[in-house]
1. Mind listing just one residue for me: the one in region 46-93 that is surrounded by 17 or more Cβ atoms within 10 Å (Cβ to Cβ) and of a type in the set (F, W, Y) and, of those, nearest to G108 (Cα to Cα)?
2. Quick one: which of V296, V315, V324, V303 is within 16 Å of the chain's Cα centre (by Cα) and under 26 Å from G379 (Cα atoms)?
3. With respect to the numbered conditions (1) closer than 30 Å to A267 by Cα; (2) at pLDDT below 85; (3) in a loop (DSSP other than H, G, I, E, B), which one is the sole condition not fulfilled by D406?
4. In region 104-125, which residue that is in contact with a Gly (Cβ under 7 Å, 6 or more places away or on another chain) and outside any strand (DSSP E or B) is surrounded by the fewest Cβ atoms within 10 Å (Cβ to Cβ)?
5. Would you confirm, using the coordinates I've provided, whether L301 is closer than 30 Å to D212 by Cα, in the same structural domain as A370 (by TED's automatic domain parsing) and modelled with pLDDT of 85 or more?
6. Any chance you could count how many residues in region 275-298 are in contact (Cβ under 8 Å) with a residue 60 or more places away in the chain and part of a strand (DSSP E or B)?
7. Report, ordered by the first and then the second residue, all pairs with beta carbons closer than 6 Å, sequence separation of six or more or different chains, a first member in region 34-45 that is surrounded by fewer than 16 Cβ atoms within 10 Å (Cβ to Cβ), and a second member that is of a type in the set (A, V, I, L, M, F, W, C).
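The values are calculated or read from the model by the stated rules, or taken from the named source; none is laboratory data. Everything numeric in this text was worked out from a predicted model, so none of it was measured. Here the Cβ positions follow ideal geometry from the backbone for every residue, glycine too, while neighbour counts run over all protein chains shown.
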Amino acid sequence: MALDGRKGGCVVADVPNEIASDLHRLAVELSPSGLLVTDERGTIVLVNREVERLFGYAREELVGKPVEVLVPERMRAVHERHRAIFVRAPARRPMGAGRDLVGRRKDGSEIPIEIGLNAIPTQHGVFVLSSIVDLSERREAARRLRESEERLRQSQKLEAVGLLAGGIAHDFNNILHGILSHAELVRPAVSEIADVSHDVDRIAAAALRGRDLVRRILAFSRRQEIRRARIKLDETILEALELARPSLAGAIELRTDLDPETPFTFADETQIHQIVLNLVANAAHAMEEEGGTIEVSVSRLLVDEAEAAQRPDLVPGAYARIVVTDEGIGIAPDLIERIFEPFFTTKPVGEGAGLGLSVVHGIVKGHEGAIEVRERPGGGTVVEVLLPAVEVSEDELPERPIERMDERDEEEPRLVLVVDDEEELAALAKRILERGGFRVVAHTSSARALDEIRRRP
């Protein structure tokens, strides 16, 4: 017999009416979807347990009330019109197809929902069964996926920019090397001519500034050699902060929160100094007008699989965490995704090259770490850097070999082999070394250089 006492519908064979009624009630009560029945006037006549959970009402508070109590006030008039149309011409269909639907909870908060409508004609009139699904988790999962995809796209974009910048910087570095070396060659010859000597000094100074810029670009593109060692991060951070303090304005206070249990990390100590100095300098610049507090904290963080799944630049495991927080003007949300791009800056012209955070990003990525910038509640910025922790003892790490020069007869000029694919640079290096008393053989071909080595055991 049918559960509603009529032919058709869901049939339970050879089951007494009383049992069938209990099964019907349990099916409604235990449904994973919220089930709500209203009459032709929109009065709620039945709700199940999931409706109670979704909207925060006890069923006694809902039965007998108009269904619009579950609809935000701004939408109630429209909902009443649509409900009346549906009752006059009922058809099984989803409600609000193509639109975002929200329900109103007892506490006034709103939740995204999906609703399916079914008309139930009876001798007492038409009832409407609403099947309600909470979309909160689905929306949250979609949001996390979008953020993860955006992080991945940004990472790929920065990788491409880094490759381009690194390639250009490498070639430009060769040009600067030639300028600097020629300036040094000319300097002794013009030392007696004041104006010319001054001009040579300015040429060399400009080339040195260019070389510093190239080094920062190479740090961003991760083409610099990284000299890693096992370091205690809190001690390294303290050293960097001592270097940073003298440059801070009097109205800026620097606070530290360094956890002594912070794990060791395998990193280039000089580059960790660069990270801290750049982040503190950026924070100080953001507070130069009003002053405030910069807080630098170091701690241990364990990243689980769930968090790593949301951040493609992380793998599960232990990390040493550096957090730099300031009370400055903050960063506009639409600019956050661009701040790691080289030469991007919000500073006035002449006050920055726009490479500080690019350098930090390159260093962090070169250490297989991650960096995130976000707004600070109440104003300001928070920058979080994560570096993989190492849990090995000192004797498990390889010792860095110490290079030693063989003892030679000081009276015998040493023979130096110069290899450079740039002919001009090879010739320039040969001239400089010969002035220093060396015998020099220069080649632009690595194959010829290897033959030279074989001929001179």
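1. Per the stated criteria, the residue is F55.
2. Being within 16 Å of the chain's Cα centre (by Cα) and under 26 Å from G379 (Cα atoms) holds for just one of V296, V315, V324, V303, which is V324.
3. (1)
4. Of everything passing the filter in region 104-125, D107 is surrounded by the fewest Cβ atoms within 10 Å (Cβ to Cβ).
5. In short, no.
6. The total comes to 2.
7. From residues that are surrounded by fewer than 16 Cβ atoms within 10 Å (Cβ to Cβ), the pairs are E40/V87; E40/V126; V45/V37.
Let's see how each residue does on (1) modelled with pLDDT under 80; (2) in the same structural domain as P112 (by TED's automatic domain parsing); (3) within 17 Å of V133 (Cα to Cα):
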| site | (1), (2), (3) |
| --- | --- |
| C10 | yes, no, no |
| A13 | yes, no, no |
| I44 | no, yes, no |
| Y57 | no, yes, yes |
